[in-house]
Amino acid sequence: MYWYDVFPQVVLADRESSVRIHPRFEHVKLKSSRQLQIFTSPFGGMTESGMMGAYRWGSNDGEKVDYEMQGDDIILHHWFAGEQEHNIQLVITDRENPDFFERRSIKIYSLHRDLLSLRPFKGETHSHSSGSDGREDPRFVVARYREKGFDFAAVTDHGNYESSQTAHDFWQESVPDFNIVQGEEVHAPGNPVHIVNFGGTKSVNDMYRQNEECYHQEVGQTAENLPSDLSPEVRRITASCRWVFDRIRSVGGLAIYAHPFWKMSRNVLPFPVVDAVFNDRRYDAVELLGGFYREESEANNFQMIYCLEQWAKGNRFPVVGASDSHGSVIFPENRPSVVNFIGKNSVSAADADLFGWYFTVVLGENNSTGEVIRQIKAGNSVAVEAIPGNVPHIFGSLRLVKYVSFLLRELFPVLSSLYRAQGETMISLLAGEEEAAERLKLLSGRVDLRREKFFTGR
């Protein structure tokens, strides 16, 4: 729940902008006896006249902001300096009650024009359904992602492209504002590396199945030309990865190097393989955060540190976050005696672990698959870890991390009820409620309209 509509909440840096603050409820409106002053504290310390001094502990040295009233709405006018977040403080007193004092906070972000022209989209690049080792129908899986607040989602089953096609074809007409991306997890013969084909128009698994002899021949030829200091086995695996990455690109997909530090009784990939695939640099993006339960979180930590080291060496690559979820719903277990003799509860469902814990935020001109891929390749994405009960952790360039941190607090929670309504209606349609189809038509486009108002005020 939020008290105010604020339009726009993202503005162009280094110019004056007007922002409308609209109280949503009667109890939030200013009473006739109330007096208002507005101050702004730029988090980065940049102002129109220069730089603020260092923060003094306990002080509140905000700059006073001009405003006017239009009915119950507050219209503030301010020069928003630099690329930073601004804390707008509404200081309210009461001329009839000298003891009354209230300070309310509203956040504005000022951006340079290159990012201001883009919109944020939250997405899943790696998940599973009953098309492989997941628990749920692929059409249900993507509906749950919409309910959870995602703008795009891909079902990427092990060795199976068809389940993503099923989900895409079923929903594309009735939910056109939700991008259901086709894809698969590719498992080439003799290759332990997990690779995601995100957004490709054809199956890469089918390519090697159609002519496995040719696959082995091409991989062998490539392996002969890889560095001689690598062992024959590492050269063969690296060559196979190159074959997969190149073919994902050939069908228009994003080639994602998935969870390189995943471990069972030991790391699934020997470290020489991890290094060789990273150094060969044929992937488009690395799945930096995701796929790991709480007790496995050190794997994500290893991946982050490895990424920082690679970046420091000049090997900069785009990053994504992904849940690698194999189910979106669980029915909490009761005592064994109840489960064995009465049965599992089939009503009181909860979100399954991993579902929604890790995701990608992409900044793009639109939410189409081609644009999402283009912007990830351009470095306009961050990987996010948002495990329930923990504060979110965001990884990418500092510029994007600061901005997405603001969006996760200020934009996506406001959109959550709109996502949820659409996702719940998709699930109702799957459950056989025919009237849900008409409700989906009414809900279509509402998320995008509200997102656009966040940026333009219209």
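Do any helices (runs of 4 or more DSSP H) entirely within the range 281-377 hold 2 or more residues that are charged (D, E, K, R), and if so, which?
Here the list reads 298-312, 369-377.
So which of Ile74, Ile38, Ile88 ends up being within 31 Å of the chain's Cα centre (by Cα), within 20 Å of Gly457 (Cβ to Cβ) and buried (at least 16 other Cβ atoms within 10 Å of the Cβ)?
Ile88
Within the range 334-378, restricting attention to residues that are among the charged types (D, E, K, R) and in contact (Cβ under 8 Å) with a residue 60 or more places away in the chain, which residue is farthest from Glu424 (Cα to Cα)?
Across the range 334-378, the extreme among qualifying residues is Lys377.
Asn315: at pLDDT 95 or above, surrounded by fewer than 23 Cβ atoms within 10 Å (Cβ to Cβ) and polar (S, T, N, Q), yes or no?
It is false that Asn315 is at pLDDT 95 or above, surrounded by fewer than 23 Cβ atoms within 10 Å (Cβ to Cβ) and polar (S, T, N, Q).
Restricting the search to the range 293-318, which residues are closer than 24 Å to Ala352 by Cβ and not hydroxyl-bearing (Ser, Thr, Tyr)?
Arg294, Glu295, Glu296, Glu298, Ala299, Asn300, Asn301, Gln303
Could you check, for the range 82-95, whether at least one of its residues is touching a strand residue (DSSP E or B) at 6+ places or on another chain (Cβ under 7 Å), free of Cβ contacts under 8 Å to residues at least 40 places away in the same chain and farther than 27 Å from Asp151 by Cβ? Reasoning before the result, please.
Going residue by residue through the range 82-95, those that are touching a strand residue (DSSP E or B) at 6+ places or on another chain (Cβ under 7 Å) are 82-95.
Narrowing the set further to residues that are free of Cβ contacts under 8 Å to residues at least 40 places away in the same chain leaves none.
Among the residues of the range 82-95, not one is touching a strand residue (DSSP E or B) at 6+ places or on another chain (Cβ under 7 Å), free of Cβ contacts under 8 Å to residues at least 40 places away in the same chain and farther than 27 Å from Asp151 by Cβ, which makes the answer no.
Output the qualifying pairs, or none if there are none: Cβ atoms under 8 angstrom, residues six or more apart or on different chains, first residue in the range 412-424 and assigned to a helix (DSSP H, G or I), second residue exposed (fewer than 14 other Cβ atoms within 10 Å of the Cβ).
Pro413/Tyr2; Val414/Tyr2
Look at Asp229 and say whether it is under 30 Å from Ser368 (Cα atoms) and either modelled with pLDDT of 95 or more or in contact with a Pro (Cβ under 7 Å, 6 or more places away or on another chain) (or both).
Taking the combined requirement at face value, the residue does not satisfy it.
Is it the case that the range 259-281 has a residue that's at pLDDT 95 or above, basic (Lys, Arg) and surrounded by fewer than 17 Cβ atoms within 10 Å (Cβ to Cβ)?
First, pick out the residues of the range 259-281 that are at pLDDT 95 or above: 259-261, 269-281.
With basic (Lys, Arg) added as a condition, the list becomes 281.
From what's left, surrounded by fewer than 17 Cβ atoms within 10 Å (Cβ to Cβ): 281.
Checked against the condition, which is being at pLDDT 95 or above, basic (Lys, Arg) and surrounded by fewer than 17 Cβ atoms within 10 Å (Cβ to Cβ), the range 259-281 yields at least one hit.
Where the second residue is among the charged types (D, E, K, R) and modelled with pLDDT under 95 and the first is assigned to a helix (DSSP H, G or I) and lies in the range 441-452, which pairs have Cβ atoms under 9 Å and are six or more apart or on separate chains?
So the pair list comes out as Glu452/Arg458.
So which of Glu410, Glu385, Glu371 is closer than 27 Å to Asp133 by Cα and among the acidic types (Asp, Glu)?
That would be Glu385, the only listed residue that is closer than 27 Å to Asp133 by Cα and among the acidic types (Asp, Glu).
Within the set of pairs 6+ apart or on separate chains, which have a first residue in the range 165-180 that is aliphatic (A, V, I, L, M), a second that is in a loop (DSSP other than H, G, I, E, B), and C-beta atoms under 6 Å apart?
Cβ pairs passing all conditions: Ala167/Val155.
State whether the residues of the range 48-70 include one that is farther than 16 Å from Phe454 by Cα, among the hydrophobic types (A, V, I, L, M, F, W, C) and surrounded by 17 or more Cβ atoms within 10 Å (Cβ to Cβ).
Taking every residue of the range 48-70 in turn, at least one turns out to be farther than 16 Å from Phe454 by Cα, among the hydrophobic types (A, V, I, L, M, F, W, C) and surrounded by 17 or more Cβ atoms within 10 Å (Cβ to Cβ).
So is Leu430 free of Cβ contacts under 8 Å to residues at least 24 places away in the same chain and of a type outside the set (Gly, Ala, Ser) or not? Steps first, please.
On the way: free of Cβ contacts under 8 Å to residues at least 24 places away in the same chain: no; of a type outside the set (Gly, Ala, Ser): yes.
So Leu430 does not fit the description; no.
Any idea how many residues of the range 282-299 are at pLDDT 95 or above and surrounded by 23 or more Cβ atoms within 10 Å (Cβ to Cβ)?
Going through the range 282-299 one residue at a time, the tally reaches 5.
Please find, within the range 172-214, the residue that is surrounded by the most Cβ atoms within 10 Å (Cβ to Cβ) out of those that are among the charged types (D, E, K, R) and not in a helix (DSSP H, G or I).
Glu184
Out of the residues in the range 387-410 that are out of contact with any strand residue (DSSP E or B) (no Cβ under 7 Å at 6 or more places or on another chain) and among the hydrophobic types (A, V, I, L, M, F, W, C), which is surrounded by the fewest Cβ atoms within 10 Å (Cβ to Cβ)?
Leu398
Quick grid of which residues meet (1) under 25 Å from the mean Cα position of the chain (by Cα); (2) over 24 Å from Ile248 (Cβ atoms):
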| residue | (1), (2) |
| --- | --- |
| Val273 | no, no |
| Ala276 | no, no |
| Asp280 | no, no |
| Gly290 | yes, no |
| Phe302 | yes, yes |
| Ser323 | yes, no |
| Pro336 | no, yes |
| Gly343 | no, yes |
| Asp351 | yes, yes |
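I'm checking my understanding of the structure. Among residues of the range 404-442 that are closer than 28 Å to Leu116 by Cβ and either assigned by TED's automatic domain parsing to the domain that holds Ile21 or β-branched (Val, Ile, Thr) (or both), which one is farthest from the chain's Cα centre (by Cα)?
Step by step, filter the range 404-442, then rank; the result is Val414.
Within the range 379-391, can you find the residues that are in contact (Cβ under 8 Å) with a residue 12 or more places away in the chain and more than 12 Å from Gly321 (Cα to Cα)? Even if it seems obvious, please write down each step before you answer.
Residues of the range 379-391 in contact (Cβ under 8 Å) with a residue 12 or more places away in the chain: 379-388.
Gly379, Asn380, Ile387, Pro388 - these are the residues of the range 379-391 that are in contact (Cβ under 8 Å) with a residue 12 or more places away in the chain and more than 12 Å from Gly321 (Cα to Cα).
The values are calculated or read from the model by the stated rules, or taken from the named source; none is laboratory data. As the structure is a computational prediction, the values presented were derived from the model and not from experiment. Don't worry about glycine lacking a Cβ; one is built from the backbone with ideal geometry, like all the others, and counts go over all protein chains shown.
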